[in-house]
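Q: Quick one: this structure, given as structure tokens, is what I'll be asking you about.
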Amino acid sequence: HSAGSAPSGRVNPLALAVLEGAGVPTTGVRSKSWDEFARPDAPRMRIVITVCDNAANEVCPIWPGAPVKVHWGYPDPSSAPGDEAARRAAFDLTRQAIGYRMLQLLSLPIASMNDEELRDALLEISRS
């Protein structure tokens, strides 16, 4: 799932183009608030990862089920300087960096890890 603290109401077209170029399906993708995932009827989260550097200093909602929370910071690619090609490159670099860390996350034996072990592993990934 993906959401933000201050959704704009639309997904950045460069983000969509970069995802589609990498073969990631974007059908049904929409801009949404993280409040959708903090409601009692929301899907239960085991892990919540904030990625936008701006979100690191914001107050997060109380997540049902008390998931493990970590921050993997990245600059906002929509704020990258330069022309459209430079901004597209910033989006693609961010996609690649998140993808690299997600591969590490997916290699973890999450089902057999307690919350402390999982948090430690996610923090180690954040340093890579």
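The values are calculated or read from the model by the stated rules, or taken from the named source; none is laboratory data. What you are looking at is a predicted structure, and each value in this text was computed from that prediction instead of being measured. Note that we place each Cβ from the backbone using ideal geometry, even for glycine, and neighbour counts take in every protein chain shown. Remember, those area values only see protein heavy atoms, side chains included, never the ligands or the DNA or RNA. Shrake-Rupley method; radii C 1.70, N 1.55, O 1.52, S 1.80 Å.
Q: Rounded to the nearest 500, what is the 222 nm mean residue ellipticity of the chain from helices alone, with -39500 (n - 2.57) per DSSP H run of 4+ residues and division by all residues? Intermediate values should be presented prior to the final figure.
A: Numbers: 3 runs with 44 residues, N = 128.
Taking each H run of at least 4 residues, the total per residue is -11000 deg cm²/dmol.
Q: Right, another one. I'd like the orientation of helix 84-106 relative to the chain: the angle between its Cα long axis and the longest Cα principal axis, in ° from 0 to 90, rounded to 10.
A: With both axes taken from Cα atoms, the answer is about 20 degrees.
Q: Calculate the FRET efficiency for I62 and E20 from the Cβ-Cβ distance with a Förster distance of 41 Å, rounded to the nearest 0.05.
A: On the way: r = 35 Å, r/R0 = 0.84.
E(calc), rounded to 0.05, equals 0.75.
Q: What length, rounded to one decimal in nm, is gained on full extension from Q104 through to E36, with 0.36 nm per residue of separation minus their alpha-carbon distance?
A: On the way: separation 68, 0.36 × 68 = 24.48 nm, distance 2.69 nm.
So the chain would gain 21.8 nm between Q104 and E36.
Q: A follow-up question, please. On the first, second and third principal axes, largest extent first, how far apart are the outermost C-alpha atoms of segment 33-81 in Å?
A: That works out to 40, 19, 16 Å along the principal axes.
Q: Once ligands and nucleic acids are excluded and a 1.4 Å probe is used, how much of M45 is accessible, expressed in Å² to the nearest 10?
A: Looks like 30 Å² after rounding.
Q: Solvent-accessible area of E124, probe 1.4 Å, all protein chains present, reported in Å² to the nearest ten, please.
A: Rounded to the nearest 10, the figure is 110 Å².
Q: Nearest 0.05, what FRET efficiency do R127 and S2 give at R0 = 22 Å with Cβ-Cβ as r? Before the final figure, lay out each step's value.
A: Numbers: r = 23 Å, r/R0 = 1.04.
So the FRET efficiency works out to roughly 0.45.
Q: Heavy-atom accessible area per residue, segment 1-125, 1.4 Å probe: how many Å²?
A: Values: 7890 Å² over 125 residues.
For segment 1-125, the solvent-accessible area averages 63 Å² per residue.
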